[in-house]
Amino acid sequence: MAIERDDAVWLHAEHRVTIVELAECSGLAEEVVRELVDYGALSPLDPVAGVLDFNARCVARVRAAVRLSQDLELDTPALALVVSFLERIDELETRLREMNAKLPR
Amino acid sequence: MKYKDYYAALGVKRDASPADLKKAYRKLAQKHHPDVSKEKGAEEKFKEIAEAYQTLKDPDKRAAYDQLGSGHRPGQDFRPPPDWERQFRSGERTGEYAAFDGLDLSDLFASLRGGGRGASRANRSIPGEDYEVTVHLSLEDALDGTQRDLNLNVPEYDADGRARHVPKTIKARIPKGATEGQRLRLRGQGGKGANGGRDGDLYLNIALHPHPLFRPSGHDLYLDLPLAPWEAALGATVEVPTLGGAVNLKIPPGTAAGRKLRLAKKGLPRPGGGEGDLYAIVQIVNPTVLSAREKELFGEIAKASTFDPRGHFAAEKTHGH
């Protein structure tokens, strides 16, 4: 039977997630999310305010990193490194898409 | 039940040591992990590898697997030997899987003692599984939003935590605002939570089908706009397609090839409100076959014009020496 619901949220750059939401989405404990911030793998939107809110684009990245860390048995420093590398890959792929779009066929 | 050769999946012999299993798994997992590999079928390949390793790394499950025998071919229908279930499964419900038909081997081993969701399910709340699916949309779907029936094959757990994969259809509404690589979270549409655990979520990874005219960059669109040399030189008003219908675009006189002409708010809608822009990139296209009159006119221009498109070559040569 088809189930119909409507709780759709775009995880885009203008949408922010709290540390609680990020922990829920990624399956990480909040302490581990804080560790990722300490490692510089995640950047809170308002570091001065002391509130740990993040750009929602990081959700997919952190979820992928968590899958990798579970499947490859990585520890938290390695998880932080994976998050950083995935961010770099995201940026490069976005730039590549932009450049391809601008190139005349 | 279909037989799977877990040793072959990991590329090891049946007498491989636990260290050999781990080494083989790590090597294959790094190569085929769907979050790393862009190869087609990487996800299915990784699932095979992970399923094999999850079973063989547990000594009890490995012993149970080995007892299934080694004479089966992968994909062959088979039944475990008599007494197999009694030997390797515990609990009052033993015998429930006497009908092995249609059961996936992974579900059977996930339910065996020695770990898995079943072992702890009765004791604490467990959140439902998240599902992640790639959805291909046309640009028109992204413009207006759309609805999709997603057919998933998901594990369903009985009261004892025994899994069985079942088909499930989720009707997902995809609001406007999609673009390439964007993620949509559909809260609570994943697997059912247990013992008060929250339901999992469904994540959609958006992939846009290539469009014959428009190329997306974020929420902006790019379009090649071919112009005749005289349209570019003299200026013109030309009809330009957009996703919402054709519009007239004024071409300024002296427009150069490669120039980007912006049509504001004719791109894709942004999730936070507003729209991206459409950029028409000018291409100057010459007629490949000229009539006698056209040749005559081009000849007149060539004689009359002082325009030198390669003037900078000479300037560069002068400065270079």
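Taking residue B:162 as the residue in question, decide whether it is farther than 13 Å from residue A:8 by Cα and in contact with a helix residue (DSSP H, G or I) (Cβ under 7 Å, 6 or more places away or on another chain).
On the way: farther than 13 Å from residue A:8 by Cα: yes; in contact with a helix residue (DSSP H, G or I) (Cβ under 7 Å, 6 or more places away or on another chain): yes.
Yes, satisfied.
Within the set of pairs 6+ apart or on separate chains, which have a first residue in region A:79-105 that is touching a residue at least 24 places away in the same chain (Cβ under 8 Å), a second that is surrounded by fewer than 15 Cβ atoms within 10 Å (Cβ to Cβ) and of a type outside the set (Phe, Trp, Tyr), and C-beta atoms under 8 Å apart?
So the pair list comes out as A:80/A:40; A:84/A:40.
For region B:184-195, enumerate the residues that are touching a Lys or Arg at 6+ places or on another chain (Cβ under 9 Å) and surrounded by fewer than 20 Cβ atoms within 10 Å (Cβ to Cβ).
B:187, B:188, B:194, B:195
Here are some residues: A:101, A:65. Which one is crowded, with 16+ Cβ neighbours inside 10 Å, in contact with a Leu (Cβ under 9 Å, 6 or more places away or on another chain), at pLDDT below 95 and in a helix (DSSP H, G or I)? Show your work before the answer.
On the way: A:65 fails: at pLDDT below 95.
The match here is A:101.
Going by what's in this entry, would residue A:78 be described as within 12 Å of chain B (Cβ to nearest Cβ) and of a type in the set (A, V, I, L, M)? I'd like the intermediate steps shown before the answer.
Working: within 12 Å of chain B (Cβ to nearest Cβ): no; of a type in the set (A, V, I, L, M): yes.
No, not satisfied.
Please indicate, with yes or no, whether at least one residue in region B:38-46 is buried (at least 19 other Cβ atoms within 10 Å of the Cβ), within 12 Å of chain A (Cβ to nearest Cβ), in contact with a Pro (Cβ under 9 Å, 6 or more places away or on another chain) and free of Cβ contacts under 8 Å to residues at least 24 places away in the same chain.
Yes, the conditions are met somewhere in region B:38-46.
Among the numbered conditions (1) within 14 Å of another protein chain (Cβ to nearest Cβ); (2) surrounded by 10 or more Cβ atoms within 10 Å (Cβ to Cβ), tell me where residue B:273 comes up short.
Against the list (1) within 14 Å of another protein chain (Cβ to nearest Cβ); (2) surrounded by 10 or more Cβ atoms within 10 Å (Cβ to Cβ), residue B:273 comes up short only on (2).
Any chance you could count how many residues in region B:8-24 are in contact with a Lys or Arg (Cβ under 8 Å, 6 or more places away or on another chain) and crowded, with 18+ Cβ neighbours inside 10 Å?
Matching residues across region B:8-24 total 1.
If you go through region B:277-285 one residue at a time, do you hit one that is without any contact (Cβ under 8 Å) to a residue 24 or more places away in the chain and either away from every other protein chain (no Cβ under 14 Å) or among the aliphatic types (A, V, I, L, M) (or both)? Break it down stepwise before answering.
Taking region B:277-285 first, the residues without any contact (Cβ under 8 Å) to a residue 24 or more places away in the chain are none.
Within region B:277-285, not a single residue is without any contact (Cβ under 8 Å) to a residue 24 or more places away in the chain and either away from every other protein chain (no Cβ under 14 Å) or among the aliphatic types (A, V, I, L, M) (or both).
What are the pairs with Cβ atoms under 9 angstrom where one residue, in region B:237-252, is in contact (Cβ under 8 Å) with a residue 60 or more places away in the chain and on the phi < 0 side of the Ramachandran plot and the other, located anywhere, is surrounded by 17 or more Cβ atoms within 10 Å (Cβ to Cβ) and among the aromatic types (Phe, Trp, Tyr)? Sequence gap at least six, or different chains.
Sorted first by the residue in region B:237-252, then by its partner, the pairs are B:243/B:214.
If you go through region B:189-234 one residue at a time, how many are among the basic types (Lys, Arg) and within 26 Å of residue B:259 (Cα to Cα)?
The first filter runs over region B:189-234 and keeps only residues among the basic types (Lys, Arg), leaving B:192, B:198, B:215.
Still in the list and also within 26 Å of residue B:259 (Cα to Cα): B:215.
Final tally of qualifying residues: 1.
Can you tell me which residue among A:31, A:24, A:73 is over 29 Å from residue B:153 (Cβ atoms), more than 11 Å from the chain's Cα centre (by Cα) and either within 14 Å of chain B (Cβ to nearest Cβ) or not in a loop (DSSP other than H, G, I, E, B) (or both)? I'd like the intermediate steps shown before the answer.
Details: A:24 fails: over 29 Å from residue B:153 (Cβ atoms); A:73 fails: over 29 Å from residue B:153 (Cβ atoms).
Step by step, each of A:31, A:24, A:73 is checked, and only A:31 is over 29 Å from residue B:153 (Cβ atoms), more than 11 Å from the chain's Cα centre (by Cα) and either within 14 Å of chain B (Cβ to nearest Cβ) or not in a loop (DSSP other than H, G, I, E, B) (or both).
Listed here are the residues, each with its yes/no results for (1) of a type in the set (D, E, K, R); (2) surrounded by fewer than 17 Cβ atoms within 10 Å (Cβ to Cβ); (3) closer than 22 Å to residue B:216 by Cα.
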residue	(1), (2), (3)
B:143	no, no, yes
B:146	no, no, yes
B:150	no, no, no
B:153	no, yes, no
B:166	no, yes, no
B:171	yes, yes, no
B:174	no, no, yes
B:179	no, no, yes
B:182	no, no, yes
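Condition first: part of a loop (DSSP other than H, G, I, E, B) and within 15 Å of the chain's Cα centre (by Cα). Now tell me which residues in region A:40-62 satisfy that. Steps first, please.
Filtering region A:40-62 down to residues part of a loop (DSSP other than H, G, I, E, B) leaves A:40-45, A:47-50, A:52, A:56-57.
Those that are part of a loop (DSSP other than H, G, I, E, B) and within 15 Å of the chain's Cα centre (by Cα): A:40, A:41, A:42, A:43, A:44, A:45, A:52, A:56, A:57.
Need at least 1 residues that are within 12 Å of chain A (Cβ to nearest Cβ) and hydroxyl-bearing (Ser, Thr, Tyr) per element, so show me which strands (runs of 3 or more DSSP E) inside region B:154-254 make the cut, counting only ones lying wholly within it.
The qualifying strands (runs of 3 or more DSSP E) are B:163-174, B:202-208, B:214-217, B:220-227.
The values are calculated or read from the model by the stated rules, or taken from the named source; none is laboratory data. None of the values given here were measured: they were computed from a predicted structure. Note that we place each Cβ from the backbone using ideal geometry, even for glycine, and neighbour counts take in every protein chain shown.
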